[in-house]
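Note sheet for the following structure.
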Amino acid sequence: MYYDHIEKNRYMEDAVNQAHLENAKIFKAFSDETRLLVLELLQGGEKCACVLLEKVAVAQSTLSHHMKILVEGGIVNARKDGKWTYYSISRDGCETASQLLNEITTVRKTKRRQVVAIKNVLEK
């Protein structure tokens, strides 16, 4: 019985840590000036990686790295068409980021956000 309690607590801690890792991916997407420039360019609509490469003064591999972070954070959608990848801003991802920012900056008496985060991880 005692070990079951310890195991349950460890599982809950892992779920909280996983939720924090997922949330960090979202904010990592916004934490670089190159990625912010890319988002600004995508405000005009979907763009091919080749167009972004022309407008952003970085190497192709560097742009790919930045796009991977934006996609993993859910902020940008990627669509393959032949050998090219097209990127666009994800409305759902941006809404999620906005809601998350609001949640983590709202002062509360309870730890409701942690409970919701744990539920989300456990449902996956």
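Taken together, the values in this text are just the output of simple stated rules run on the coordinates, not laboratory data. It should be emphasised that the depicted structure is a prediction, and the values quoted were computed from it without experimental measurement. Cβ sites come from the backbone with ideal geometry, for glycine too, and all protein chains shown count toward neighbours.
Between Lys55 and Thr34, the simple spin-label model (points 7 angstrom out along Cα→Cβ) gives 1.6 nm. Close amide H contacts of Cys48 (hydrogens built in the peptide plane, cut-off under 5 Å, sequence separation of 5 or more or a different chain): Tyr87.
Between Val76 and Val71, Ser90, the built amide H atoms are under 5 Å apart, and every one of these is 5 or more places off in sequence or on another chain. Using the Karplus relation 6.51 cos²θ - 1.76 cosθ + 1.60 with θ = phi - 60°, the per-residue 3J(HN,Hα) values for segment 26-37 come to 4, 6, 4, 4, 9, 9, 8, 5, 5, 5, 5, 5 Hz, with x marking Gly and Pro.
Take the Cβ-Cβ distance between Lys68 and Thr106 as r, set R0 to 35 Å, and report the resulting FRET efficiency rounded to the nearest 0.05. Don't skip to the answer; put the middle values down first.
On the way: r = 31 Å, r/R0 = 0.87.
That gives a FRET efficiency of 0.70.
Counting lysine pairs in segment 10-90 whose alpha carbons fall under 21 angstrom apart, excluding pairs fewer than 8 residues apart on the same chain, gives 11.
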